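The values are calculated or read from the model by the stated rules, or taken from the named source; none is laboratory data. Just so we're clear, the structure is a prediction, and the values are computed from it rather than from any experiment. Quick reminder, even Gly has a Cβ in these numbers, built from the backbone with ideal geometry, and neighbours come from all protein chains shown.
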Amino acid sequence: MSENIPSTLRVKVITPQKLLFDEEVQEISLPGMDGYLGILPGHRPLITAIGEGNITCRRRRGEEQFFIHGGYARVMPGQVLVFTELGRGESDKESDNNVEG
Amino acid sequence: MPALIDLRRRIRSVRNTQQITQAMKTVATAKLKKAQRTVLEARPYWHSSPDLISEIALWVTRESHPLLSKRKEKKIIGIVITSDKGLCGAFNSNLLEEAKSYFEEKSQTSDVRLVLIGKKARSFFKNSPYTVERSYSDAIQKLTEEDFNDLAQLLIHKYLFHKVDAVYVAYNEFKSILAPRVTIAKILPIEPPEKKAKDAYGDELEYLFPDWEPAMIPLIQTLLPLYIKSQFRHFFFESFAAEHAARMMAMDNATKNAEDLVEELTMDLNKIRQAGITKELLEIMTAVEALAKK
(Lines give C-alpha, C1' and ligand atoms only; values in the text may rest on other atoms or scores of the structure.)
Protein backbone atom coordinates (compact mmCIF):
# COMPACT_ATOMS: atom_id res chain seq x y z
CA MET A 1 0.00 0.00 0.00
CA SER A 2 2.98 2.29 0.44
CA GLU A 3 3.12 3.15 -3.25
CA ASN A 4 -0.11 5.12 -3.21
CA ILE A 5 0.36 7.56 -0.40
CA PRO A 6 -1.94 10.51 -1.00
CA SER A 7 -0.25 13.85 -1.43
CA THR A 8 -2.79 15.89 0.47
CA LEU A 9 -5.15 15.47 3.37
CA ARG A 10 -8.83 16.17 3.11
CA VAL A 11 -9.63 17.91 6.37
CA LYS A 12 -13.13 18.44 7.64
CA VAL A 13 -13.77 20.21 10.91
CA ILE A 14 -17.35 19.47 11.85
CA THR A 15 -19.32 21.09 14.65
CA PRO A 16 -23.02 20.72 15.42
CA GLN A 17 -23.47 24.32 14.31
CA LYS A 18 -21.82 24.00 10.96
CA LEU A 19 -19.08 22.60 8.79
CA LEU A 20 -16.25 24.81 9.93
CA PHE A 21 -13.63 23.80 7.42
CA ASP A 22 -13.53 21.49 4.41
CA GLU A 23 -10.36 21.69 2.31
CA GLU A 24 -7.32 19.86 1.03
CA VAL A 25 -4.28 20.63 3.17
CA GLN A 26 -0.63 19.59 3.38
CA GLU A 27 -0.44 19.14 7.09
CA ILE A 28 -2.61 19.43 10.14
CA SER A 29 -1.74 19.71 13.78
CA LEU A 30 -4.25 18.66 16.40
CA PRO A 31 -4.31 19.22 20.15
CA GLY A 32 -4.25 15.66 21.51
CA MET A 33 -4.79 14.74 25.11
CA ASP A 34 -1.03 14.59 25.78
CA GLY A 35 0.24 17.32 23.48
CA TYR A 36 -0.01 18.25 19.86
CA LEU A 37 -0.15 15.68 17.07
CA GLY A 38 1.22 16.56 13.66
CA ILE A 39 -0.45 14.65 10.86
CA LEU A 40 0.86 14.36 7.31
CA PRO A 41 -0.80 12.69 4.32
CA GLY A 42 -0.54 8.92 4.53
CA HIS A 43 -0.83 8.79 8.29
CA ARG A 44 -1.79 5.49 9.89
CA PRO A 45 -5.49 5.16 10.68
CA LEU A 46 -6.09 6.65 14.09
CA ILE A 47 -8.99 7.52 16.31
CA THR A 48 -8.09 10.09 18.88
CA ALA A 49 -9.65 12.24 21.52
CA ILE A 50 -8.93 15.94 21.29
CA GLY A 51 -8.23 18.30 24.10
CA GLU A 52 -8.47 22.03 24.13
CA GLY A 53 -6.33 24.12 21.83
CA ASN A 54 -5.67 25.25 18.31
CA ILE A 55 -5.95 23.19 15.17
CA THR A 56 -3.55 24.42 12.52
CA CYS A 57 -4.10 23.46 8.90
CA ARG A 58 -1.15 24.18 6.60
CA ARG A 59 -1.93 24.63 2.96
CA ARG A 60 0.54 25.28 0.18
CA ARG A 61 -0.09 28.93 0.74
CA GLY A 62 -0.80 30.12 4.20
CA GLU A 63 -2.45 28.36 7.06
CA GLU A 64 -5.68 28.44 8.97
CA GLN A 65 -6.25 28.11 12.68
CA PHE A 66 -9.23 27.10 14.72
CA PHE A 67 -9.73 27.03 18.39
CA ILE A 68 -11.51 23.92 19.52
CA HIS A 69 -12.67 22.67 22.84
CA GLY A 70 -12.73 18.90 23.12
CA GLY A 71 -13.98 16.35 20.66
CA TYR A 72 -12.46 13.56 18.67
CA ALA A 73 -10.80 12.99 15.33
CA ARG A 74 -10.78 10.18 12.82
CA VAL A 75 -7.56 10.02 10.86
CA MET A 76 -7.32 8.04 7.61
CA PRO A 77 -4.40 8.06 5.16
CA GLY A 78 -5.99 10.74 3.00
CA GLN A 79 -8.60 12.18 5.29
CA VAL A 80 -9.02 13.76 8.70
CA LEU A 81 -12.44 14.24 10.25
CA VAL A 82 -12.51 16.39 13.34
CA PHE A 83 -15.67 16.32 15.43
CA THR A 84 -15.99 18.98 18.02
CA GLU A 85 -18.84 20.32 20.07
CA LEU A 86 -17.34 23.75 20.26
CA GLY A 87 -15.08 25.33 17.74
CA ARG A 88 -14.42 28.65 16.12
CA GLY A 89 -12.42 29.71 13.13
CA GLU A 90 -10.86 32.99 12.12
CA SER A 91 -13.77 33.92 9.90
CA ASP A 92 -16.11 33.58 12.89
CA LYS A 93 -14.11 36.10 14.85
CA GLU A 94 -14.32 38.55 12.01
CA SER A 95 -18.04 38.23 11.73
CA ASP A 96 -18.37 38.63 15.49
CA ASN A 97 -16.41 41.86 15.26
CA ASN A 98 -18.68 43.05 12.50
CA VAL A 99 -21.69 42.46 14.67
CA GLU A 100 -20.16 44.49 17.46
CA GLY A 101 -19.06 47.28 15.14
CA MET B 1 -84.00 34.85 4.85
CA PRO B 2 -80.92 35.70 6.92
CA ALA B 3 -80.53 39.38 7.31
CA LEU B 4 -77.95 41.12 5.20
CA ILE B 5 -76.32 42.60 8.23
CA ASP B 6 -75.63 39.14 9.70
CA LEU B 7 -73.89 38.03 6.54
CA ARG B 8 -71.82 41.18 6.43
CA ARG B 9 -70.80 40.60 10.00
CA ARG B 10 -69.76 37.05 9.28
CA ILE B 11 -67.70 38.08 6.30
CA ARG B 12 -65.95 40.65 8.39
CA SER B 13 -65.13 38.17 11.13
CA VAL B 14 -63.81 35.60 8.63
CA ARG B 15 -61.62 38.30 7.11
CA ASN B 16 -60.23 39.10 10.55
CA THR B 17 -59.43 35.47 11.17
CA GLN B 18 -57.79 35.30 7.82
CA GLN B 19 -55.57 38.20 8.72
CA ILE B 20 -54.49 36.43 11.86
CA THR B 21 -53.72 33.15 10.12
CA GLN B 22 -51.85 35.05 7.45
CA ALA B 23 -49.73 36.75 10.09
CA MET B 24 -49.09 33.46 11.84
CA LYS B 25 -48.02 31.93 8.58
CA THR B 26 -45.53 34.73 8.03
CA VAL B 27 -44.12 34.28 11.51
CA ALA B 28 -43.88 30.52 11.07
CA THR B 29 -42.12 30.96 7.74
CA ALA B 30 -39.52 33.22 9.30
CA LYS B 31 -38.98 30.83 12.20
CA LEU B 32 -38.86 27.88 9.87
CA LYS B 33 -36.09 29.48 7.87
CA LYS B 34 -33.99 29.86 10.97
CA ALA B 35 -34.73 26.38 12.26
CA GLN B 36 -34.14 24.88 8.85
CA ARG B 37 -30.76 26.51 8.65
CA THR B 38 -29.82 25.10 12.04
CA VAL B 39 -30.83 21.63 10.93
CA LEU B 40 -29.16 21.79 7.55
CA GLU B 41 -25.92 23.26 8.83
CA ALA B 42 -25.78 20.63 11.50
CA ARG B 43 -26.43 17.75 9.13
CA PRO B 44 -22.76 17.03 8.29
CA TYR B 45 -22.19 16.42 11.97
CA TRP B 46 -25.20 14.18 12.47
CA HIS B 47 -24.47 12.23 9.36
CA SER B 48 -20.79 11.68 10.00
CA SER B 49 -20.84 10.88 13.67
CA PRO B 50 -23.02 7.74 13.31
CA ASP B 51 -20.56 6.64 10.62
CA LEU B 52 -17.74 7.01 13.05
CA ILE B 53 -19.62 5.10 15.71
CA SER B 54 -20.41 2.31 13.29
CA GLU B 55 -16.74 2.15 12.32
CA ILE B 56 -15.75 1.92 15.92
CA ALA B 57 -18.26 -0.84 16.42
CA LEU B 58 -16.33 -2.89 13.89
CA TRP B 59 -13.32 -3.07 16.14
CA VAL B 60 -15.01 -2.99 19.47
CA THR B 61 -17.08 -5.88 20.73
CA ARG B 62 -20.44 -5.19 22.25
CA GLU B 63 -19.26 -6.37 25.62
CA SER B 64 -16.41 -3.90 25.84
CA HIS B 65 -18.60 -1.03 26.88
CA PRO B 66 -21.89 -1.18 28.77
CA LEU B 67 -23.50 1.45 26.56
CA LEU B 68 -23.13 -0.92 23.64
CA SER B 69 -24.27 -4.10 25.34
CA LYS B 70 -27.83 -5.27 24.93
CA ARG B 71 -29.96 -6.40 27.82
CA LYS B 72 -33.40 -7.86 28.08
CA GLU B 73 -35.80 -4.92 27.96
CA LYS B 74 -37.55 -5.06 31.28
CA LYS B 75 -37.61 -1.36 31.99
CA ILE B 76 -37.69 1.16 29.20
CA ILE B 77 -37.87 4.92 28.95
CA GLY B 78 -39.71 6.59 26.13
CA ILE B 79 -38.94 10.18 25.26
CA VAL B 80 -41.66 12.03 23.39
CA ILE B 81 -40.79 15.32 21.74
CA THR B 82 -43.75 17.53 20.82
CA SER B 83 -44.33 21.24 20.61
CA ASP B 84 -45.64 23.66 23.21
CA LYS B 85 -48.12 25.36 20.98
CA GLY B 86 -50.84 23.95 18.82
CA LEU B 87 -52.17 25.29 15.53
CA CYS B 88 -49.82 23.14 13.54
CA GLY B 89 -52.13 20.62 11.95
CA ALA B 90 -51.66 16.97 12.78
CA PHE B 91 -48.06 17.54 13.89
CA ASN B 92 -48.61 16.57 17.50
CA SER B 93 -51.60 14.28 17.22
CA ASN B 94 -49.97 11.96 14.69
CA LEU B 95 -46.88 11.66 16.79
CA LEU B 96 -48.75 11.15 20.03
CA GLU B 97 -51.01 8.49 18.59
CA GLU B 98 -48.07 6.63 17.16
CA ALA B 99 -46.08 6.91 20.37
CA LYS B 100 -49.04 5.79 22.43
CA SER B 101 -49.64 2.64 20.44
CA TYR B 102 -45.93 1.89 20.34
CA PHE B 103 -45.46 2.19 24.07
CA GLU B 104 -48.69 0.33 24.73
CA GLU B 105 -47.26 -2.59 22.85
CA LYS B 106 -43.98 -2.29 24.74
CA SER B 107 -45.76 -2.15 28.06
CA GLN B 108 -46.98 -5.71 27.53
CA THR B 109 -43.50 -6.97 28.20
CA SER B 110 -41.80 -4.19 30.08
CA ASP B 111 -42.27 -1.33 32.45
CA VAL B 112 -42.57 1.91 30.51
CA ARG B 113 -41.59 5.29 31.86
CA LEU B 114 -41.82 8.52 29.95
CA VAL B 115 -39.84 11.68 29.51
CA LEU B 116 -42.08 14.30 27.96
CA ILE B 117 -40.91 17.34 26.10
CA GLY B 118 -43.47 19.97 25.18
CA LYS B 119 -46.83 20.95 26.64
CA LYS B 120 -48.80 18.86 24.20
CA ALA B 121 -47.10 15.66 25.27
CA ARG B 122 -47.70 16.47 28.89
CA SER B 123 -51.40 17.05 28.55
CA PHE B 124 -51.79 14.00 26.32
CA PHE B 125 -50.15 11.59 28.75
CA LYS B 126 -51.64 13.20 31.85
CA ASN B 127 -54.07 10.37 32.46
CA SER B 128 -51.99 7.55 31.09
CA PRO B 129 -50.87 4.65 33.29
CA TYR B 130 -47.17 5.33 32.71
CA THR B 131 -44.93 6.98 35.21
CA VAL B 132 -43.61 10.27 33.98
CA GLU B 133 -39.93 10.46 34.75
CA ARG B 134 -39.48 14.06 33.75
CA SER B 135 -41.34 16.59 31.72
CA TYR B 136 -40.22 19.77 30.08
CA SER B 137 -42.82 22.23 29.01
CA ASP B 138 -43.19 25.99 28.67
CA ALA B 139 -40.65 27.58 26.42
CA ILE B 140 -39.04 24.40 25.16
CA GLN B 141 -37.29 26.43 22.51
CA LYS B 142 -35.32 27.99 25.33
CA LEU B 143 -33.88 24.66 26.47
CA THR B 144 -30.14 25.07 26.59
CA GLU B 145 -27.15 22.89 25.97
CA GLU B 146 -27.00 22.21 29.70
CA ASP B 147 -30.54 20.89 29.74
CA PHE B 148 -29.75 18.42 27.00
CA ASN B 149 -26.53 17.34 28.62
CA ASP B 150 -28.30 17.00 31.91
CA LEU B 151 -30.99 14.79 30.46
CA ALA B 152 -28.52 12.71 28.47
CA GLN B 153 -26.41 12.27 31.57
CA LEU B 154 -29.41 11.13 33.54
CA LEU B 155 -30.33 8.54 30.95
CA ILE B 156 -26.79 7.27 30.66
CA HIS B 157 -26.60 6.94 34.42
CA LYS B 158 -29.85 5.06 34.62
CA TYR B 159 -28.69 2.77 31.88
CA LEU B 160 -25.32 2.08 33.46
CA PHE B 161 -26.88 1.31 36.81
CA HIS B 162 -29.46 -1.02 35.29
CA LYS B 163 -32.34 1.25 36.22
CA VAL B 164 -33.41 1.13 32.61
CA ASP B 165 -32.68 -1.30 29.79
CA ALA B 166 -33.49 0.70 26.70
CA VAL B 167 -34.34 4.27 25.71
CA TYR B 168 -36.54 5.21 22.78
CA VAL B 169 -37.21 8.61 21.31
CA ALA B 170 -40.38 9.48 19.41
CA TYR B 171 -40.08 12.68 17.42
CA ASN B 172 -41.04 14.34 14.16
CA GLU B 173 -38.25 14.25 11.66
CA PHE B 174 -37.94 17.25 9.40
CA LYS B 175 -38.20 15.31 6.18
CA SER B 176 -39.55 18.06 4.00
CA ILE B 177 -41.60 21.18 4.45
CA LEU B 178 -44.71 19.40 3.25
CA ALA B 179 -44.85 16.64 5.80
CA PRO B 180 -42.90 15.70 8.90
CA ARG B 181 -42.16 12.04 9.42
CA VAL B 182 -42.97 10.41 12.71
CA THR B 183 -39.89 8.51 13.82
CA ILE B 184 -39.28 6.29 16.79
CA ALA B 185 -35.60 5.67 17.33
CA LYS B 186 -33.69 3.68 19.88
CA ILE B 187 -30.82 5.63 21.40
CA LEU B 188 -29.76 3.32 24.19
CA PRO B 189 -28.10 0.89 23.99
CA ILE B 190 -26.24 2.25 20.99
CA GLU B 191 -27.12 0.26 17.91
CA PRO B 192 -24.32 0.76 15.46
CA PRO B 193 -25.41 0.66 11.82
CA GLU B 194 -22.74 -1.95 11.16
CA LYS B 195 -23.28 -2.93 7.59
CA LYS B 196 -22.55 0.43 6.07
CA ALA B 197 -18.98 0.69 7.32
CA LYS B 198 -18.16 -2.84 6.26
CA ASP B 199 -19.34 -2.15 2.74
CA ALA B 200 -17.30 1.02 2.53
CA TYR B 201 -13.99 -0.69 3.21
CA GLY B 202 -14.47 -4.26 2.05
CA ASP B 203 -11.28 -6.24 2.31
CA GLU B 204 -9.12 -3.33 3.37
CA LEU B 205 -10.62 -3.46 6.80
CA GLU B 206 -7.79 -5.36 8.38
CA TYR B 207 -5.21 -2.99 7.03
CA LEU B 208 -7.17 -0.05 8.34
CA PHE B 209 -7.23 -1.15 11.95
CA PRO B 210 -6.63 2.19 13.63
CA ASP B 211 -4.44 3.28 16.46
CA TRP B 212 -6.28 4.60 19.44
CA GLU B 213 -5.20 7.63 21.31
CA PRO B 214 -5.61 7.30 24.27
CA ALA B 215 -6.25 3.55 24.48
CA MET B 216 -9.42 2.14 23.01
CA ILE B 217 -11.47 1.67 26.15
CA PRO B 218 -10.95 5.10 27.73
CA LEU B 219 -11.54 6.68 24.37
CA ILE B 220 -14.89 5.08 23.75
CA GLN B 221 -15.80 5.88 27.30
CA THR B 222 -15.73 9.56 26.49
CA LEU B 223 -16.88 9.18 22.94
CA LEU B 224 -20.10 7.27 23.43
CA PRO B 225 -21.72 9.65 25.91
CA LEU B 226 -20.79 12.51 23.64
CA TYR B 227 -22.48 10.73 20.79
CA ILE B 228 -25.68 10.21 22.74
CA LYS B 229 -25.80 13.84 23.78
CA SER B 230 -25.34 15.09 20.28
CA GLN B 231 -27.91 12.69 18.91
CA PHE B 232 -30.38 13.90 21.41
CA ARG B 233 -29.98 17.52 20.51
CA HIS B 234 -30.27 16.57 16.91
CA PHE B 235 -33.71 15.00 17.44
CA PHE B 236 -34.82 18.11 19.19
CA PHE B 237 -33.76 20.42 16.39
CA GLU B 238 -35.39 18.18 13.80
CA SER B 239 -38.63 18.32 15.72
CA PHE B 240 -38.36 22.06 16.08
CA ALA B 241 -37.93 22.64 12.37
CA ALA B 242 -40.71 20.18 11.57
CA GLU B 243 -43.03 22.02 13.95
CA HIS B 244 -42.56 25.33 12.19
CA ALA B 245 -42.99 23.70 8.80
CA ALA B 246 -46.21 22.07 9.97
CA ARG B 247 -47.49 25.33 11.38
CA MET B 248 -46.68 27.15 8.20
CA MET B 249 -48.61 24.60 6.16
CA ALA B 250 -51.56 24.61 8.55
CA MET B 251 -51.79 28.38 8.54
CA ASP B 252 -51.47 28.48 4.79
CA ASN B 253 -54.42 26.11 4.50
CA ALA B 254 -56.40 28.12 7.01
CA THR B 255 -55.79 31.30 5.05
CA LYS B 256 -56.94 29.63 1.86
CA ASN B 257 -60.03 28.20 3.53
CA ALA B 258 -60.91 31.60 4.88
CA GLU B 259 -60.59 33.03 1.39
CA ASP B 260 -62.97 30.36 0.04
CA LEU B 261 -65.42 31.04 2.82
CA VAL B 262 -65.38 34.76 2.18
CA GLU B 263 -66.08 34.11 -1.48
CA GLU B 264 -69.00 31.84 -0.68
CA LEU B 265 -70.47 34.24 1.81
CA THR B 266 -70.11 37.16 -0.57
CA MET B 267 -71.98 35.15 -3.19
CA ASP B 268 -74.80 34.46 -0.72
CA LEU B 269 -74.85 38.07 0.30
CA ASN B 270 -75.17 39.22 -3.29
CA LYS B 271 -77.93 36.74 -4.01
CA ILE B 272 -79.94 37.85 -1.02
CA ARG B 273 -79.44 41.49 -1.83
CA GLN B 274 -80.51 40.83 -5.38
CA ALA B 275 -83.55 38.92 -4.20
CA GLY B 276 -84.47 41.84 -1.98
CA ILE B 277 -84.18 44.28 -4.85
CA THR B 278 -86.25 42.08 -7.16
CA LYS B 279 -88.92 41.74 -4.57
CA GLU B 280 -89.12 45.46 -3.98
CA LEU B 281 -89.30 46.09 -7.71
CA LEU B 282 -92.12 43.59 -8.03
CA GLU B 283 -94.01 45.31 -5.26
CA ILE B 284 -93.62 48.68 -6.92
CA MET B 285 -94.68 47.25 -10.27
CA THR B 286 -97.81 45.66 -8.86
CA ALA B 287 -98.66 48.85 -7.05
CA VAL B 288 -98.22 50.87 -10.26
CA GLU B 289 -100.34 48.42 -12.22
CA ALA B 290 -103.05 48.45 -9.60
CA LEU B 291 -103.11 52.23 -9.68
CA ALA B 292 -103.24 52.28 -13.51
CA LYS B 293 -106.28 49.98 -13.52
CA LYS B 294 -108.18 52.38 -11.35
Worksheet, complete the sentence: If we ask which residues in the range B:47-70 are more than 12 Å from every other protein chain (Cβ to nearest Cβ) and surrounded by fewer than 16 Cβ atoms within 10 Å (Cβ to Cβ), their number turns out to be 6
Discussion item. Just the residues that are facing chain B (nearest Cβ under 7 Å) and buried (at least 20 other Cβ atoms within 10 Å of the Cβ), please, taken from the range A:13-29.
Written reply: A:I14, A:T15, A:P16
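Listed here are the residues, each with its yes/no results for (1) more than 30 Å from B:S49 (Cβ to Cβ); (2) touching a strand residue (DSSP E or B) at 6+ places or on another chain (Cβ under 6 Å); (3) basic (K, R); (4) crowded, with 19+ Cβ neighbours inside 10 Å.
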position	(1), (2), (3), (4)
B:S239	no, yes, no, yes
B:K271	yes, no, yes, no
B:L281	yes, no, no, no
B:T286	yes, no, no, no
Worksheet item: With respect to B:A250, is the statement that it is aliphatic (A, V, I, L, M), surrounded by fewer than 21 Cβ atoms within 10 Å (Cβ to Cβ), part of a helix (DSSP H, G or I) and at pLDDT below 80 true?
Response: no
Discussion item. I'd like to verify a number: residues in the range A:7-22 that are within 13 Å of the chain's Cα centre (by Cα) and free of Cβ contacts under 8 Å to residues at least 40 places away in the same chain, how many?
Written reply: 2
Discussion item. Could you check the range B:71-90 and list, in sequence order, the residues that are assigned to a loop (DSSP other than H, G, I, E, B) and either surrounded by fewer than 19 Cβ atoms within 10 Å (Cβ to Cβ) or of a type outside the set (S, T, N, Q) (or both)?
Written reply: B:R71, B:K72, B:E73, B:K74, B:D84, B:K85, B:G86, B:L87, B:C88, B:G89, B:A90
Fill in: Hits in the range B:26-35 (condition: surrounded by 18 or more Cβ atoms within 10 Å (Cβ to Cβ) and either of a type in the set (A, V, I, L, M, F, W, C) or within 14 Å of chain A (Cβ to nearest Cβ) (or both))
B:A28, B:L32, B:A35
Worksheet item: Out of curiosity, is B:A139 closer than 27 Å to B:G86 by Cα and at pLDDT 85 or above?
Response: no
Discussion item. Looking at B:P44 and the list (1) away from every other protein chain (no Cβ under 12 Å); (2) out of contact with any helix residue (DSSP H, G or I) (no Cβ under 8 Å at 6 or more places or on another chain); (3) crowded, with 16+ Cβ neighbours inside 10 Å, which single condition is not satisfied?
Written reply: (1)
Practice prompt. Using the structure shown, decide if B:T109 is over 30 Å from B:L226 (Cβ atoms), in a helix (DSSP H, G or I), at pLDDT 85 or above and not hydrophobic (A, V, I, L, M, F, W, C).
Written response: no
Response to the item:
Subset of the range A:45-69, residues outside any strand (DSSP E or B) and within 14 Å of another protein chain (Cβ to nearest Cβ), comes to A:P45
